[in-house]
Each structure stands twice: as structure tokens, then as C-alpha cells.
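*Asks:* Below is one structure. I have some questions about it.
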Amino acid sequence: MTRDHVKGDDELEEVLAQIRRDEWEKARDKVKVANARIKTHIYLEEEILFPHLKGPDLENWISELMMQHVAIWNLLDVILGLLEERNREIEGRLILLMQLLKAHNSIEEHSIYHELDKELAWNPDILYELRDSILPSHWKPKYM
Ligand SMILES: [Fe+2]
Ligand SMILES: [Fe+2]
């Protein structure tokens, strides 16, 4: 999952560079890849991983992270729309999304994923669930 964070960051970084070079077609393909990756990642966290974590402290973090998922999801939709219009405002939105993801991913990597590693040691079947899941087309973050 951490590797997914890094790939998503790299893809968005590339999109920003492509837009600055006016390569809108390439940027469009790349945004679609990043959009699918990040949304699937959110789905896996909310449906498969987070429900395994219990305890009041963790649950507070998880609510916070799930609110951030809504913001990330909405921003991705805005970015897809701006890209279709070839609207220059997309640059600012991409930068905002990268900042949001940076803060979000760092919380996950430093707290939540450690707890998940412990859980996985007891319950390795979670890995199969992760591998076999695909994002249902009408799924939305739970707090949306
Ligand atoms: Fe997340
Ligand atoms: Fe994540």
C-alpha cells in the first residue's frame, strides 16, 4: 500500500510536468491511471483494511483519514473535469491534491499501516482480499 502511495505521487508529478509542457493528451492518459489507482486504494482502505483496526485512538485517526478521502476523491473529479476543458486552473488543483496526499499518506504510513502489519501477521487472508478486489463502479467513500 505504501508503494501505491509513491506511485500515485509520481504519476501526479508527471501530469503536472506534462501540462506545463502543454502535452494535454499524455496528461489525460496519466490522470486516468492516477485517478483509478488512488480511488481503488481508498476503496481498499475503507472496505478491507480499516475495519480490522479497533480502539478509540485508532478510530479517531480513521475518521479523520476518511474525511480526507472525501476531499481527495472530490479533487480528483474536479481535476478530471478541468483536464477535459484544458483549463490552466488544473495546475493549482494538482498541487493542492499532491499536498493533501502527502499529509494523508504520511499519517497512514506512520501510524495506521504499522497497526495493519500487526493485524496481517495474525490474519494473512487480508492480503488475498486486497489482491482480489476491484473498485465497484458506483462505490463512493463512506463519508461522502
Ligand atoms: Fe487513505
Ligand atoms: Fe493509503
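The values are calculated or read from the model by the stated rules, or taken from the named source; none is laboratory data. Computed from a prediction, not measured in an experiment: that's the story for all the values here. Cβ sites come from the backbone with ideal geometry, for glycine too, and all protein chains shown count toward neighbours. SASA here: full protein model, heavy atoms, side chains in, ligands and nucleic acids out. Shrake-Rupley method; radii C 1.70, N 1.55, O 1.52, S 1.80 Å.
*Asks:* Quick check on segment 80-91. Is at least one of its residues over 30 Å from Trp122 (Cβ atoms), within 16 Å of ligand 2 (Cβ to nearest atom) and among the polar types (S, T, N, Q)?
*Replies:* No, every residue in segment 80-91 fails to be over 30 Å from Trp122 (Cβ atoms), within 16 Å of ligand 2 (Cβ to nearest atom) and among the polar types (S, T, N, Q).
*Asks:* Mind checking whether some residue in segment 84-98 is open to solvent by less than 70 Å² (accessible area, probe 1.4 Å) and farther than 20 Å from Arg20 by Cβ?
*Replies:* Here is the first cut: in segment 84-98, the ones open to solvent by less than 70 Å² (accessible area, probe 1.4 Å) are 87, 90-92, 94-95, 97-98.
Then keep just the ones that are farther than 20 Å from Arg20 by Cβ; that gives none.
No, segment 84-98 contains no residue that is open to solvent by less than 70 Å² (accessible area, probe 1.4 Å) and farther than 20 Å from Arg20 by Cβ.
*Asks:* Of the residues Asp9, Asp22, which is more than 15 Å from ligand 1 (Cβ to nearest atom) and open to solvent by 50 Å² or more (accessible area, probe 1.4 Å)?
*Replies:* Working: Asp9 fails: more than 15 Å from ligand 1 (Cβ to nearest atom).
Criteria check complete, one pass: Asp22.
*Asks:* So in segment 87-113, with the set limited to residues that are under 18 Å from the mean Cα position of the chain (by Cα) and more than 18 Å from Ala34 (Cα to Cα), which one is nearest to ligand 1 (Cβ to nearest atom)?
*Replies:* In this case the residue turns out to be Glu108.
*Asks:* Restricting attention to segment 56-76, which residues are under 14 Å from Met98 (Cα atoms) and not β-branched (Val, Ile, Thr)?
*Replies:* Correct list: Gln68, His69, Ala71, Trp73, Asn74, Leu75, Leu76.
*Asks:* Out of segment 40-67, which residues are touching a residue at least 60 places away in the same chain (Cβ under 8 Å), among the acidic types (Asp, Glu) and surrounded by fewer than 18 Cβ atoms within 10 Å (Cβ to Cβ)?
*Replies:* Correct list: Glu47 only.
*Asks:* I'm trying to understand the selection: among the residues of segment 49-71, which are within 13 Å of ligand 1 (Cβ to nearest atom), under 24 Å from Asp132 (Cβ atoms) and assigned to a helix (DSSP H, G or I)? Please lay out each step first, then the result.
*Replies:* If we filter segment 49-71 for residues that are within 13 Å of ligand 1 (Cβ to nearest atom), which is where we start, we get 49-50, 53, 61-71.
Applying the additional criterion that residues be under 24 Å from Asp132 (Cβ atoms) yields 49-50, 53, 62, 65-66, 69.
The answer is Leu49, Phe50, Ile62, Leu65, Met66, His69.
*Asks:* Another question, then. Between a first residue in segment 116-131 that is under 21 Å from Arg37 (Cα atoms) and a second residue that is open to solvent by less than 50 Å² (accessible area, probe 1.4 Å) and among the β-branched types (Val, Ile, Thr), which pairs have beta carbons less than 9 Å apart while being 6 or more apart in sequence or on different chains?
*Replies:* Listed pairs, sorted by first residue: Leu116/Ile126; Ile126/Ile48; Glu129/Ile48; Leu130/Ile48.
*Asks:* Can you tell me which of Met98, Met1 is within 16 Å of ligand 2 (Cβ to nearest atom), touching a Phe, Trp or Tyr at 6+ places or on another chain (Cβ under 9 Å) and aliphatic (A, V, I, L, M)?
*Replies:* On the way: Met98 fails: touching a Phe, Trp or Tyr at 6+ places or on another chain (Cβ under 9 Å).
It is Met1.
*Asks:* Confirm whether Leu16 is in a helix (DSSP H, G or I) and farther than 25 Å from Tyr143 by Cβ. It would help to see each step written out before you state the result.
*Replies:* Working: in a helix (DSSP H, G or I): yes; farther than 25 Å from Tyr143 by Cβ: yes.
Taking the combined requirement at face value, the residue satisfies it.
*Asks:* Further, regarding this structure: For the list (1) open to solvent by 40 Å² or more (accessible area, probe 1.4 Å); (2) closer than 15 Å to Glu46 by Cα; (3) modelled with pLDDT of 95 or more, I need the number of the one condition that Val70 fails.
*Replies:* (1)
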